[in-house]
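Each remark here refers to the structure printed beneath this line.
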Amino acid sequence: MRVALALVYIAALHGIVALALLRPDLIDAQRWRASWLQPEPSAYGAQSHRLFRAIDADAAPGRLLLVGDSQLQRLDTAALDLPAYNFAAGGDTMRDVARRIADYRQLGEAKAVMLWAGVNDLLRGRDPEAVRAAFEQAEAAIPAPTPIRLVSIAPVGAKPPRRDLQRAIARTNTLLAQACRARCRFVDVTAGLAGADGALRPAYDSGDGLHLNRAGGLVVAGAINGTPVAAR
């Protein structure tokens with residue numbers, strides 16, 4: 001009996017390895033649906049929030065306030081037309097943003113508040129409607145008439161295939177664009193970053209198929225500034 005169980009176990013391991021090699025998209029899909037893999041907010045996110053609150057307590061008025069995930073954290077803020085405080089934290093979801101944004105004093109003093117998050121919600125298995133609901137919660141915490149800039153979720157690379165994620169991103173961006181009204185401007189970066197197949201252009205891929213490199217970040221900065229950068 002033990003020998004039979006051992007053989008089944010070994011066969012299952014070989015099957016998982018083969019699946020990972022032949023169909024990485026399936027493994028990836030199950031990984032990003034498993035929300036229990038990482039606590040929310042993460043220890044890093046919580047630590048970053050404490051630092052942001054300390055900076056916020058003595059922040060100068062009239063700046064851009066950037067709140068979001070690692071895509072925004074990696075953005076070269078020097079490429080933006082206005083000086084900015086970058087309160088983005090890698091791994092953050094739109095739900096995390098909604099939870100922490102109300103703690104920042106500058107919400108009523110900022111030139112504008114820019115939000116860029118949502119892909120981590122999808123990676124955790126939440127549906128696009130949940131991302132929209134979290135954005136609306138974050139929006140409600142920002143006092144009027146402070147302008148809001150909402151950046152669309154960037155496309156992901158074609159390799160490994162993430163077809164379910166690509167569809168979820170497209171649906172989420174549609175819902176976010178609908179929710180972004182009045183004082184909110186939706187900054188759609190999809191056309192500038194995606195190739196003919198709808199996936200992230202290799203020229204803008206940092207190498208993991210998810211994050212933008214500097215060139216991709218400059219495309220986003222140009223869209224935010226209202227001066228689009230030509231696709232490469």
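The values are calculated or read from the model by the stated rules, or taken from the named source; none is laboratory data. Because the structure is predicted, anything quoted here is derived from the model rather than measured. Virtual Cβ from ideal backbone geometry, glycine too; neighbours counted across all protein chains shown. Surface areas here come from the heavy atoms of the whole protein model, side chains and all, with no ligands, DNA or RNA. Shrake-Rupley method; radii C 1.70, N 1.55, O 1.52, S 1.80 Å.
Once fully extended, how much extra length lies between residue 185 and residue 208, figured as 0.36 nm per residue of separation less the alpha-carbon to alpha-carbon distance? List each step's numbers first, then the result.
Details: separation 23, 0.36 × 23 = 8.28 nm, distance 2.90 nm.
So the chain would gain 5.4 nm between residue 185 and residue 208.
Taking only protein heavy atoms and a 1.4 Å probe, what accessible area per residue, in Å², does the range 135-223 have with all protein chains in place? Mind showing how you got there, number by number?
Details: 3780 Å² over 89 residues.
Per residue, the range 135-223 has an accessible area of 43 Å².
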| query | Quick one: how many Å² of residue 49 are accessible to a 1.4 Å probe, rounded to 10? | reply | 30 Å²
| In terms of modelled amide H atoms, which long-range or inter-chain residues lie less than 5 Å from the amide H of residue 148? | 113, 184, 185
| message | Sort 177-187, 112-122, 212-222 by packing, meaning the average of other beta carbons within 10 Å per residue, with the highest value first. | response | 112-122, 212-222, 177-187
| Inter-label distance, nm, simple model (7 Å from Cα along the C-beta direction), residue 215/residue 57 | 4.4 nm
| Counting only protein heavy atoms, what percent of the accessible surface of the range 140-196 is carbon or sulfur at a 1.4 Å probe? | 57 percent
